[in-house]
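Written below as structure tokens is the structure these notes are about.
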């Protein structure tokens with residue numbers, strides 16, 4: 001959530017920044033109008049309450065019983081006016097709060113300005129794509145031939161965009177998850193958590209998925225519980241409405257969870273294979289840091305995500321999102337994409353974002369810079385480290401052999417019980 005004081009004090013600057021992420025200036029004007037109505041309603045209510053307070057003091061000083069009764073009767077109208085003013089103020093506050101939740105984050109000054117993904121910037125490419133002396137196959141052909149991905153039974157059980165990993169396929173995914181968690185804990189300094197995969201509505205409001213993206217998520221209507229689209233949601237909300245003690249920051253968590261998304265925006269896209277599904281696994285990194293360090297913490301977070309690619313030996317590139325392609329919540333965002341030679345495309349396996357104080361203001365996450373100091377909003381960051389099953393795609397397609405077998409990358413072999421090559425049968 002944005003700081004309304006900043007919008008009041010610098011409306012034109014805010015309009016210019018928000019216009020680069022697709023918000024029209026009139027929408028900022030509408031927000032300020034609602035803010036004005038809310039403040040006027042609160043002022044009216046406070047004036048009436050002050051009037052009633054003064055009348056009560058005068059009544060208390062009246063000694064004559066008859067005169068006191070007449071004074072009390074005269075104040076009954078104030079009570080009715082206060083009740084009406086409270087209703088007006090509450091309605092104005094709700095309209096204002098709803099509009100504030102719809103406003104996206106302000107882009108970081110260093111984010112390139114552009115209308116859409118065409119203006120994104122490739123920051124670097126790491127590793128050369130493998131050269132094959134045969135035509136590389138896509139993972140759906142490899143997976144079926146090896147007997148490790150069953151698309152037919154997945155669709156039979158749950159419908160389109162579902163599949164079943166079995167045998168070495170299931171083991172490979174599990175090995176990747178365990179290895180990535182251990183890498184981030186042992187080498188990158190994160191603390192592992194295993195959070196719930198269902199959360200309350202306020203958690204999704206806190207991280208910015210609601211109200212804007214409600215139609216892309218699954219939920220249980222009876223208990224109003226929501227299936228998480230990413231571990232970012234429960235992990236960030238670990239500290240919702242808390243004031244963290246001095247010396248606590250930075251906090252670095254890593255979590256594995258299943259994730260659930262309806263993929264409504266991708267109808268008709270990537271219908272083959274396991275690239276895009278309604279349920280998938282992901283290892284997620286989340287940071288809580290002091291504002292002065294959040295830019296450097298983003299660079300560190302991005303390096304942690306890239307380190308997974310480097311150690312697996314899969315070529316990757318880093319792409320900085322322009323203003324028009326930023327997420328709703330991010331002030332700055334970099335994607336890590338791996339090269340999938342069978343599909344012949346770059347696949348996003350991580351989005352590393354600095355949200356600054358946007359999520360913290362929505363979720364009420366603060367810290368004390370020093371004992372007795374006034375609490376301040378933390379800055380939050382997150383990035384996948386990495387997302388499955390796209391890393392499975394990268395492994396299968398990068399390490400495939402001419403006979404259809406797949407070499408297991410060295411770091412994963414201890415997690416695969418020493419298996420070095422995936423073979424059919």
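Observations
- Residue within the stretch 306-323 that is surrounded by fewer than 18 Cβ atoms within 10 Å (Cβ to Cβ) and in contact with a helix residue (DSSP H, G or I) (Cβ under 6 Å, 6 or more places away or on another chain) present: yes
- All told, residue 192 falls short of being in the same structural domain as residue 417 (by TED's automatic domain parsing) and in a helix (DSSP H, G or I).
- Of all the criteria given as (1) closer than 20 Å to residue 2 by Cα; (2) at pLDDT below 95, the one not satisfied by residue 377 is (2).
- Here residue 142 meets each of (1) surrounded by fewer than 13 Cβ atoms within 10 Å (Cβ to Cβ); (2) over 30 Å from residue 361 (Cβ atoms) with one exception, condition (1).
- Odd one out for residue 81 among (1) modelled with pLDDT of 80 or more; (2) more than 30 Å from residue 99 (Cβ to Cβ): (2)
- Positions within the stretch 9-31 being exposed (fewer than 14 other Cβ atoms within 10 Å of the Cβ) and either part of a helix (DSSP H, G or I) or modelled with pLDDT under 95 (or both), in sequence order: 9, 12, 13, 16, 26, 29, 30
- Residue count, the stretch 70-83 (criterion: within 20 Å of residue 41 (Cα to Cα) and in contact with a helix residue (DSSP H, G or I) (Cβ under 9 Å, 6 or more places away or on another chain)): 4
- Residue among 248, 236, 216 that alone is within 16 Å of residue 263 (Cα to Cα) and in the same structural domain as residue 368 (by TED's automatic domain parsing): 216
- Qualifying residue in the stretch 97-104 (condition: in a helix (DSSP H, G or I) and either crowded, with 16+ Cβ neighbours inside 10 Å or touching a helix residue (DSSP H, G or I) at 6+ places or on another chain (Cβ under 6 Å) (or both)): yes
- Of the residues 30, 85, the single one that is over 30 Å from residue 334 (Cα atoms) and more than 36 Å from the chain's Cα centre (by Cα) is 85.
- Every residue from the stretch 277-305 that is surrounded by fewer than 19 Cβ atoms within 10 Å (Cβ to Cβ) and more than 24 Å from residue 394 (Cα to Cα): 290, 291, 292, 293, 295, 296
- All of 159, 147, 154, 167 fail the test of being in contact with a strand residue (DSSP E or B) (Cβ under 6 Å, 6 or more places away or on another chain) and over 29 Å from residue 287 (Cα atoms), apart from 154.
- So residue 236, is it surrounded by 21 or more Cβ atoms within 10 Å (Cβ to Cβ) and closer than 21 Å to residue 352 by Cα: yes
- Pick from the stretch 368-415, criterion surrounded by 18 or more Cβ atoms within 10 Å (Cβ to Cβ) and farther than 25 Å from residue 348 by Cα, ranking: farthest from the chain's Cα centre (by Cα): 377
- If the condition is being touching a residue at least 40 places away in the same chain (Cβ under 8 Å) and in a strand (DSSP E or B), then the stretch 119-164 contributes 121, 122, 123, 124, 125, 126, 149.
The values are calculated or read from the model by the stated rules, or taken from the named source; none is laboratory data. The structure presented is a predicted model; accordingly, all values stated were derived computationally and were not measured. Don't worry about glycine lacking a Cβ; one is built from the backbone with ideal geometry, like all the others, and counts go over all protein chains shown.
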